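See below for the structure under consideration.
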Amino acid sequence: MSAQPEHPCQPSRIPCTQDAVAAALPPVQRMDFYREMGQAGADEIGDILKNWWLLVQIAGDPRTSRTAAAVKAGTATGRPASAIMRELRKRSQ
């Protein structure tokens, strides 16, 4: 008997490169990506690329798509983050 994950992790199909990330984005987001990359300084460009790459990875995951659809439809389980944040602010006052 072995402890195998229900959904084994698979290696990323999208390389963490500017061209690969841009190609995976819809046109409107692609322009935002290019704008952010073009305005970034040398110390920021790696973090910006990584953030967009993660967004592309998450958007390409079918489980994420189902969760996003459930949130939009109001059928997702759990509580809204905004409600939790309100409670935490009240506790700290």
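The values are calculated or read from the model by the stated rules, or taken from the named source; none is laboratory data. Here the structure is a predicted model, which means the values were calculated and not measured. As a convention, Cβ positions derive from the backbone with ideal geometry for all residues, glycine included, and neighbour counts pool all protein chains shown.
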Worksheet item: Pick from Gln57, Gln29: which is modelled with pLDDT under 90, surrounded by 15 or more Cβ atoms within 10 Å (Cβ to Cβ) and not aliphatic (A, V, I, L, M)?
Response: Gln57
Fill in: Candidate set from region 1-26 (those that are of a type in the set (A, V, I, L, M), outside any helix (DSSP H, G or I) and surrounded by 12 or more Cβ atoms within 10 Å (Cβ to Cβ)); member that is modelled with the highest pLDDT
Leu25
Discussion item. Restricting to region 36-50, name every residue that is surrounded by 13 or more Cβ atoms within 10 Å (Cβ to Cβ) and assigned to a helix (DSSP H, G or I).
Written reply: Glu36, Met37, Ile45, Ile48, Leu49
Fill in: Conditions (1) over 16 Å from the mean Cα position of the chain (by Cα); (2) not in a helix (DSSP H, G or I): number failed by Lys90
(2)
Discussion item. Can you pull out every residue in region 51-68 that is within 23 Å of Pro80 (Cβ to Cβ) and not in a helix (DSSP H, G or I)?
Written reply: Asp61
Worksheet item: Quick one: Lys72 ticks every box in (1) at pLDDT 80 or above; (2) part of a helix (DSSP H, G or I); (3) more than 15 Å from the chain's Cα centre (by Cα) bar one, so which box is it?
Response: (1)
